[in-house]
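I have placed the structure first, in the form of structure tokens, so that the comments after it can refer back to it.
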Amino acid sequence: MTVINTNTPTAELQALDAAHHMHPFTENADLARKGARVITRAEGVWLNDSEGHRILDGMAGLWCMNVGYGRKSLVDVAARQMQELPYYNTFFQTTHVPALALAAKIAELAPGDLNHVFFAGSGSEANDTNLRMVRHYWQSLGKPEKRIIIGRNNAYHGSTMAGMSLGGMGGMHDQGGIIQDIHHIGQPHWYSEGGDMTPEEFGLMRARELEEKILELGADRVGAFIGEPIQGAGGVIIPPSTYWPEIQRIVDKYDILLIADEVICGFGRTGNWFGSQTMGIKPHIMTIAKGLSSGYVPIGGSIVCDKVAEVVGKNGDFNHGYTYSGHPVASAVALENLRIIQEEKLVERVRDDIGPFMAEQWGSLGDHPLVGETRIQGLMGSIALTPNKEKRAKFASPEGTVGYRTRERCFANNLVMRHVGDRMIVSPPLVITHDEVAELVKRARKSLDEAYAGLKADGLLKSA
Ligand code: PXG
């Protein structure tokens with residue numbers, strides 16, 4: 001058998017990849033023609049590919065690599081746990097130390113009475129748990145009709161049936177339809193959708209769509225509202241200050257559970273342990289994943305408040321769980337990851353030091369002719385690309401054309417900066433240094449300059 005490793009020539013690796021590996025969110029035939037970039041190693045905030053490039057990872061992997069690549073203590077903990085107890089389940093009246101210790105640690109870090117954790121293998125699975133738990137909760141209270149969950153357009157809550165249905169990505173809904181009794185309202189995306197309103201007026205208007213939807217459907221039929229404190233995959237959309245307080249007022253008024261999807265915002269990204277703290281909301285359930293283990297191992301979960309956990313815990317079995325709920329290796333690594341975040345004060349670092357520095361640097365891109373706005377909270381930021389700053393205009397070209405071209409320039413300049421439509425987004429590891437932030441922004445500006453020149457040459461700077 002031929003041995004395949006990182007010394008195998010890139011073309012051979014790409015050919016094997018194209019022949020056998022189906023990539024997520026990808027047209028595989030198209031990728032096969034181009035050949036996927038092969039990532040081979042990483043350290044800190046830097047990736048290496050099979051062609052010898054050194055790439056600055058402005059996305060922390062997929063929003064998850066909070067403590068940075070190459071942490072030996074996480075490797076050691078995983079190896080030790082694999083030797084001691086590589087696997088056991090948490091079904092059938094058993095537990096083990098890594099899972100219980102991690103649950104206790106998460107309960108300590110989570111605000112208020114969010115004291116209970118149901119583990120999953122990913123953020124999507126955790127949102128499946130949430131959907132089932134919310135319905136079970138209301139059913140247990142004798143209100144089985146309170147089964148509707150309201151989410152938002154352009155939200156991302158994962159890719160399983162429940163995650164995809166709760167999310168508001170049209171392109172996903174179109175491929176096979178969504179689960180019944182899930183409804184969506186508009187997103188608090190002032191820059192694109194706010195028209196002549198002030199951000200504050202628009203935030204209130206979008207929050208009040210929740211109240212309208214509840215009244216339309218009947219409060220006795222609505223069980224929960226789900227939202228990301230700051231939308232990530234939708235384009236790093238930081239809601240106007242009026243938005244979340246009004247959502248909180250509405251869910252309280254109509255006795256509806258609030259689920260905060262903290263998969264991206266959690267574990268320091270916004271300058272607090274949780275995005276809910278940054279936005280001043282009190283959810284009944286939080287979805288977690290990604291930064292919980294800094295992506296070193298797959299793990300997710302739901303942090304559940306006392307009120308919900310009590311009801312779910314005493315009305316017969318909650319018939320739900322995963323083989324890998326509370327997996328011992330994943331739990332041990334997550335626990336060590338949280339220890340690192342705490343010991344190195346990474347949350348405080350984002351709030352008081354690297355976050356403000358990044359905000360200043362990122363904001364400096366605002367003078368670029370392609371940039372309509374820069375937004376950032378902690379270490380998650382976005383740029384709106386526009387052909388006309390004053391009018392917040394969209395491009396005449398199909399949405400995403402300009403974003404894609406800008407992303408290609410970033411790629412060429414060895415910077416991972418993503419695009420969502422015609423927005424550019426960043427979310428670097430929380431350990432990024434000041435020099436690395438300056439380098440990131442330098443490469444971003446160079447990429448914007450090159451994109452701008454190309455768009456000008458091709459006559460693509462026209463407004464819609
Ligand atoms: N909720 C949120 C808020 C997420 O961002 C999930 C749930 C699902 O987590 P899992 O672990 O099942 O992937 C996510 C995941 C993108 C992108 O294009 C974002 C995610 C996943 C894949 C791509 O930005 N976020």
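The values are calculated or read from the model by the stated rules, or taken from the named source; none is laboratory data. Computed from a predicted structure; not experimentally measured. With ideal geometry, Cβ positions are generated from the backbone for all residues, glycine too; neighbour counts draw on all protein chains shown. Accessible surface areas use protein heavy atoms only, side chains included; no ligands, DNA or RNA. Shrake-Rupley method; radii C 1.70, N 1.55, O 1.52, S 1.80 Å.
Is there a residue in the stretch 115-123 that is under 27 Å from Glu209 (Cα atoms) and either touching a residue at least 24 places away in the same chain (Cβ under 8 Å) or away from the ligand (no atom under 16 Å from the Cβ) (or both)? Within the stretch 115-123, one or more residues are under 27 Å from Glu209 (Cα atoms) and either touching a residue at least 24 places away in the same chain (Cβ under 8 Å) or away from the ligand (no atom under 16 Å from the Cβ) (or both).
Count of the stretch 332-346 residues, restricted to those that are part of a helix (DSSP H, G or I) and open to solvent by 10 Å² or more (accessible area, probe 1.4 Å), is 6. Here the stretch 450-464 is the region considered, the condition is being in contact (Cβ under 8 Å) with a residue 40 or more places away in the chain and part of a helix (DSSP H, G or I), and the residue that is surrounded by the most Cβ atoms within 10 Å (Cβ to Cβ) is Ala451.
Scan the stretch 214-227 and tell me whether some residue there is more than 16 Å from the ligand (Cβ to nearest atom) and in contact with a Ser or Thr (Cβ under 9 Å, 6 or more places away or on another chain). There is no residue in the stretch 214-227 that is more than 16 Å from the ligand (Cβ to nearest atom) and in contact with a Ser or Thr (Cβ under 9 Å, 6 or more places away or on another chain). If you go through the stretch 417-431 and keep only what is under 25 Å from Leu338 (Cβ atoms) and either within 11 Å of the ligand (Cβ to nearest atom) or touching a strand residue (DSSP E or B) at 6+ places or on another chain (Cβ under 8 Å) (or both), you end up with Val426, Ser427, Pro428, Pro429, Val431. Filtered by the rule that a residue be within 13 Å of the ligand (Cβ to nearest atom), assigned to a loop (DSSP other than H, G, I, E, B) and closer than 19 Å to Gln248 by Cα, the stretch 267-282 gives a lone residue, Phe274. Could you tell me whether Leu210 is in the same structural domain as Pro283 (by TED's automatic domain parsing), modelled with pLDDT of 95 or more and surrounded by fewer than 23 Cβ atoms within 10 Å (Cβ to Cβ)? No; evaluated as a whole, the condition is false for this residue.
Against the numbered list (1) under 29 Å from Lys391 (Cβ atoms); (2) surrounded by 24 or more Cβ atoms within 10 Å (Cβ to Cβ), Met286 comes up short only at (1).
In the stretch 423-438, which residues are open to solvent by 10 Å² or more (accessible area, probe 1.4 Å), out of contact with any Ser or Thr (no Cβ under 9 Å at 6 or more places or on another chain) and not polar (S, T, N, Q)? Hits for the stretch 423-438 are Val431, His434, Asp435, Glu436, Ala438. Take Ile247 and tell me if it is under 15 Å from the mean Cα position of the chain (by Cα) and either at pLDDT 95 or above or surrounded by fewer than 18 Cβ atoms within 10 Å (Cβ to Cβ) (or both). In short, no.
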